[in-house]
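Engineer: I'd like to ask you about the structure that follows.
The values are calculated or read from the model by the stated rules, or taken from the named source; none is laboratory data. Please read all numbers here as calculations on a predicted model, not as lab measurements. A quick note on method: Cβ atoms are made from the backbone with ideal geometry, for glycine too, and the neighbour counts reach across all protein chains shown. For accessibility, only protein heavy atoms count, side chains too; no ligands or nucleic acids. Shrake-Rupley method; radii C 1.70, N 1.55, O 1.52, S 1.80 Å.
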Amino acid sequence: MKLDAKIPAGPLEKKWDKHRFELKLENPSNRRKFNIIVVGTGLAGSSASATLAELGYNVKTFCLQDSPRRAHSIAAQGGINAAKNYQNDGDSIWRLFYDTIKGGDFRSREANVYRLAQVSNHIIDQCVAQGVPFARDYGGLLTNRSFGGAQVSRTFYSRGQTGQQLLLGAYRALSRQVASEQVTLYPRRDILELVVIDGRARGVVARNLITGEIESHSAHAVVLATGGYGNVYFLSTNAMASNVSTIFRAFRKGAYFANPCFTQIHPTCIPVHGKYQSKLTLMSESLRNDGRVWVPKHPGDKRAPHQIPESERDYFLERKYPSFGNLVPRDVASRNVKEQCDQGKGVGETGLAVYLDFADSIKREGKDSIAQKYDNLFQMYEKITAQNPYETPMMIYPAVHYTMGGLWVDYNLMTTVPGLFAIGEANFSDHGANRLGASALMQGLADGYFIIPNTLGGYLAGAHLNDVTVDHPAFRSAAQASLDRIQRLLSIKGKRTVDDFHKELGLIMWEYCGMSRNNAGLAEAKQLVHSLKKEFWDNAIVPGINEEFNQSLEKAGRVADFFEFSELMLSDALARKESCGCHFNENYQTEDNEALRDDENLCHVAAWEFGGEDKEPIFHKEPLSFENVELTQRSYK
């Protein structure tokens, strides 16, 4: 199958306008004839559901939580990018576009990224109209701060709770449509299967998490907004319920999976403090605006930070990258933190941490000024670590945070299954091999508010779809397959908990497919995962029954999918014989230990097709064409 990204012709600046004009339109009175399923209620899912309903479509919205407000987007802290140039510091749509392409290490589509930069300004207008309380300056105008990988201040924020405030805005818009019965909400539902009829996505099979009932729902199109899969590593900053299952089930039904090995390791997280830990906590990247990252100059120096004089501190990011300093992109910062710890300069009991020090900022601006920007983050850090970051430097270490890989989508955000769309973190489209900070919220809301309402309408207007009901054999077959899988999990009756398997899987992935990888380790990891997967199906214990609230069963299904997905990640990482962005293969690096790309042979999107049970996935590629930016070795020095 030849991948067609359906990128419009013409100048980069005019592609989106031209494409919207050329898309077929559906008569407003006809839209009420169409049913749309949206899975997920984070920023992408909530904004898509609200906007599609506002246009007149009948929307069924599904989420795992008891309320859409509990979606993981609520945990986003630092901010959302937009090219408003309110600071008059040289920002523009073109600069945001270029920074994002460069930050992704030239492994994303120009057309998609430029559209994202164009739409970014509309997002801020939309959210301000909704009443989102962005920070303002003394004169009452919206203010900005800086994030990694940029030399301008373009990040709009609400203290350290930007995701929460944006989600409340989207939730309010969604609730309005629920009240008008244009959106039907299905909370506490786990999507088990995608239903494909005549080659098109026509519905889903879901499990009611409270009763265990298996439900079927038909629609004219399905939108997946289910977020990322960082929990494959067991320990991550993701919410505990975040998983890969829905998009992996779609992969098994024909949707290609793009760049699954591109996983972002965020540099500023609270370090792991024990082997029984099940969750990691993010400290916002915005803290690197005012915090300075350092380690002792001499390996093994275990003195308290205030006992180490200035002359014996190494501000290694400022030293190595004088142009960007502490605001280098996340992949670069994380690798350098790891390098310092590997050299024995790590601090704290484990040696797996570096300092993030605010002493200079507090001395320069005063404690009150720093508190206005970060106080809730400082409080959170103190509650978790029992240390006051106003007085003692924070200790931070990289942790799994975001996944740039996802379902392959074309310019319309449609997957290789017609009628199946993927938006937000569930697709791969905008961030290449590394996402810049404050760009996740931007993409989620761009996809939900502004892109999918246009492109999905264009699909429906030209698709000539017959009505289908849940009595169709495809629904009965999918429901039976779901029940069979549940029974298989319940009947294992082994002796080892699902969590224990997940923890070991996560350790394998972190060790061999984490911040740095190499070909031999990836090959070994494939064997280890394969053996562990076999043991899982022989020896896992899944207590309880299906017809009840059973979180052990929920978890077992997700971990079973993580096993298969891990094998796909490892295959992708092995196939990409270069280093780019967050995919740092030790076999391919420059003399300065920076990522070494192979633009001649690997300037493409890797798109994987399901090859069948226990068979290798089938590799496809979408060549990337750069007509507006020059491919160069990234440098933040």
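Engineer: What residue among 544, 582, 595 has its Cα farthest toward the positive end of the dipole of the stretch 537-605, where the charges are +1 on Lys, Arg and -1 on Asp, Glu, each on the Cβ?
Structural biologist: Working it through, the farthest residue towards the positive pole turns out to be 544.
Engineer: Now for a different question. What accessible area per residue comes out for the chain, rounded to a whole number of Å², with a 1.4 Å probe? Intermediate values should be presented prior to the final figure.
Structural biologist: Numbers: 24500 Å² over 637 residues.
Accessible surface, normalised per residue, equals 38 Å².
Engineer: Roll a 1.4 Å probe over the protein heavy atoms and report the accessible area of residue 100 in Å², nearest 10.
Structural biologist: Its accessible surface works out to 10 Å², give or take rounding.
Engineer: Something else about it: Rounded to the nearest percent, how much of the accessible area of the stretch 373-414 (1.4 Å probe, protein heavy atoms only) is carbon and sulfur?
Structural biologist: Values: 620 of 1320 Å².
Exposed carbon and sulfur together represent 47 percent of the surface.
Engineer: At what distance in nm do the modelled label points of residue 369 and residue 215 sit from each other, each positioned 7 Å from its Cα along Cα→Cβ?
Structural biologist: It works out to 5.3 nm between the two label points.
Engineer: Which sequence of 614, 105 reflects their accessible areas, 1.4 Å probe, from the largest down? All intermediate terms of the calculation are to be shown ahead of the outcome.
Structural biologist: Working: 614 135, 105 5 Å².
Sorted descending by solvent-accessible area, the residues read 614, 105.
Engineer: Explain nothing, just the number: dipole magnitude of the stretch 309-356 about its Cα centre with +1 on each Lys and Arg Cβ and -1 on each Asp and Glu Cβ, in debye rounded to the nearest 20.
Structural biologist: On the way: 7 positive and 8 negative charges, 37 e Å.
Magnitude of the dipole: close to 180 debye.
Engineer: May I ask for the distance between the Cα centers of the stretch 6-43 and the stretch 134-195, given as a whole number of Å?
Structural biologist: 21 Å
Engineer: Which of the three applies to the stretch 431-489, rounded, prolate or oblate, going by the alpha-carbon gyration tensor with a ≥ b ≥ c and a/c under 1.5 meaning rounded?
Structural biologist: Values: a/c = 4.07, a/b = 1.44, b/c = 2.82.
Cα axes put the stretch 431-489 in the oblate bin.
Engineer: May I ask you to compute the full-extension gain from residue 359 to residue 609, defined as 0.36 nm times their residue separation minus their alpha-carbon distance, rounded to one decimal in nm? Each step should come with its number before you reach the end.
Structural biologist: On the way: separation 250, 0.36 × 250 = 90.00 nm, distance 5.15 nm.
Separation in residues times 0.36 nm, less the Cα-Cα distance, equals 84.8 nm.
Engineer: Run the 1.4 Å probe and let me know the accessible area of residue 342, rounded to the nearest 10 Å².
Structural biologist: 100 Å²
Engineer: Which stretch or stretches of the stretch 1-19 have amide N atoms under 11 Å from the point lying 7 Å from residue 618's Cα along the Cα→Cβ direction?
Structural biologist: 1-2
Engineer: Roll a 1.4 Å probe over the protein heavy atoms and report the accessible area of residue 508 in Å², nearest 10.
Structural biologist: The accessible area comes out at roughly 20 Å².
Engineer: Still on this structure: With unit charges on the beta carbons (Lys and Arg positive, Asp and Glu negative) and the dipole taken about the Cα centre of the stretch 106-232, which residue among 112, 146, 212 sits farthest to the positive side?
Structural biologist: 146
Engineer: A follow-up question, please. Any idea what the dipole of the chain comes to, in debye rounded to 20, about its Cα centre with Lys/Arg Cβ at +1 and Asp/Glu Cβ at -1?
Structural biologist: Charge dipole, the chain, about its Cα centre: 880 debye, nearest 20.
Engineer: At a 1.4 Å probe radius, carbon and sulfur cover how many percent of the accessible area of the stretch 221-364? Could the numbers behind the result be given before it?
Structural biologist: Working: 2560 of 4770 Å².
Percent of accessible area from carbon and sulfur atoms in the stretch 221-364: 54.
Engineer: Once label points are set 7 Å from the Cα along Cα→Cβ at both residue 519 and residue 463, what is their separation, rounded to one decimal in nm?
Structural biologist: Taking the simple label geometry, residue 519 and residue 463 are separated by 4.4 nm.
Engineer: To continue, here is another question. Distance between Cα centroids, the stretch 581-629 to the stretch 321-352: provide it in whole Å.
Structural biologist: When both Cα centres are located, 25 Å separates them.
Engineer: What are the ³J(HN,Hα) values, in whole Hz, obtained from phi via the Karplus relation 6.51 cos²θ - 1.76 cosθ + 1.60 with θ = phi - 60°, for each residue of the stretch 540-550 in sequence order, with x given for Gly and Pro?
Structural biologist: Calculated HN-Hα couplings, in order: 6, 10, 10, x, x, 10, 6, 7, 6, 5, 9 Hz.
Engineer: For residue 599 and residue 240, what does the FRET efficiency come to when R0 = 35 Å and r is the distance between their Cβ atoms, rounded to the nearest 0.05?
Structural biologist: Working: r = 39 Å, r/R0 = 1.12.
Plugging the Cβ-Cβ distance into 1/(1 + (r/R0)^6) gives 0.35.
Engineer: So which of 495/555; 253/526; 275/297; 493/555 end up more than 18 Å apart by C-alpha? Could you put the intermediate results ahead of the total?
Structural biologist: Numbers: 495/555 16 Å; 253/526 23 Å; 275/297 29 Å; 493/555 15 Å.
Going by Cα-Cα distance, 253/526; 275/297 fall outside the 18 Å limit.
Engineer: Within the stretch 495-514, what residues put their amide N at less than 16 Å from the label point 7 Å along the Cα-to-Cβ vector of residue 552?
Structural biologist: The answer is 495-502, whose backbone nitrogens lie closer than 16 Å to the label point.
Engineer: Also, I was wondering about something else. At what distance in angstrom do the alpha carbon centres of the stretch 78-119 and the stretch 389-424 lie from each other?
Structural biologist: 17 Å
Engineer: Considering only the chain, what is the antiparallel percent among its DSSP beta bridges, to the nearest 5? Present the calculation step by step, with values, prior to reporting the outcome.
Structural biologist: Details: 44 of 64 bridges.
Of those bridges, close to 70 percent are antiparallel.
Engineer: Can you give the relative contact order of the chain as a percent, counting alpha carbon pairs under 8 Å and 6+ residues apart?
Structural biologist: Details: 1373 pairs, mean separation 127.8, N = 637.
Reported relative contact order: 20 percent.
Engineer: Suppose a student asked you for the relative contact order of the stretch 272-398, using Cα pairs under 8 Å spaced at least 6 residues apart; what percent would you report?
Structural biologist: 28 percent
Engineer: In sequence order, what are the phi-derived ³J(HN,Hα) couplings for the stretch 38-47 according to the Karplus relation 6.51 cos²θ - 1.76 cosθ + 1.60 with θ = phi - 60°, rounded to whole Hz, with x for glycine and proline?
Structural biologist: 10, 9, x, 10, x, 4, 5, x, 5, 5
Engineer: Could you tell me which residue out of 76, 62, 29 lies farthest along the dipole of the stretch 1-88 toward its positive end? Charges go on the beta carbon: Lys and Arg +1, Asp and Glu -1, centred on the Cα centre.
Structural biologist: Most positive-ward Cα: 29.
Engineer: Taking a cut-off of 12 Å between Cα atoms, list the aspartates and glutamates near residue 320, but don't count ones fewer than 8 places away on the same chain.
Structural biologist: Leaving aside aspartates and glutamates fewer than 8 places away in the same chain, those within reach of residue 320 are 592, 594.
Engineer: If DNA, RNA and ligands are ignored and the probe is 1.4 Å, what is the ranking of 502, 273 by accessible area, most exposed first? Intermediate values should be presented prior to the final figure.
Structural biologist: On the way: 502 5, 273 140 Å².
Greatest to least solvent exposure: 273, 502.
Engineer: Would you kindly state how much longer the chain becomes between residue 125 and residue 319 on full extension, computed as 0.36 nm times their sequence separation minus their alpha carbon distance, in nm to one decimal? Working shown, then result.
Structural biologist: Numbers: separation 194, 0.36 × 194 = 69.84 nm, distance 3.89 nm.
Taking 0.36 nm per residue and subtracting the Cα distance, the gain is 66.0 nm.
Engineer: Follow-up. Divide by every residue of the chain the summed helix terms, -39500 (n - 2.57) for each DSSP H run of at least 4, and state the resulting mean residue ellipticity at 222 nm, rounded to the nearest 500 deg cm²/dmol. Mind dumping the intermediate values first?
Structural biologist: Numbers: 18 runs with 229 residues, N = 637.
Calculated at 222 nm, the ellipticity per residue is -11500 deg cm²/dmol.
Engineer: Please list 92, 361 from largest to smallest accessible area, probe radius 1.4 Å, with all protein chains kept in place.
Structural biologist: Numbers: 92 45, 361 5 Å².
If we order 92, 361 from most to least accessible, we get 92, 361.
Engineer: Which of the aspartates and glutamates could a cross-linker span from residue 534 if the Cα-Cα distance has to be under 19 Å and same-chain partners fewer than 8 positions apart are dropped?
Structural biologist: Output for residue 534: 484, 499, 500, 504, 524, 561, 564, 567, 613, 614, 616.
Engineer: With each label point set 7 Å from Cα along the Cα-Cβ vector, what nm distance links residue 376 and residue 350?
Structural biologist: 2.7 nm
Engineer: What percent do you get for the relative contact order of the stretch 147-240 when only Cα pairs under 8 Å and 6+ apart count?
Structural biologist: On the way: 77 pairs, mean separation 12.4, N = 94.
RCO, the stretch 147-240: 13 percent.
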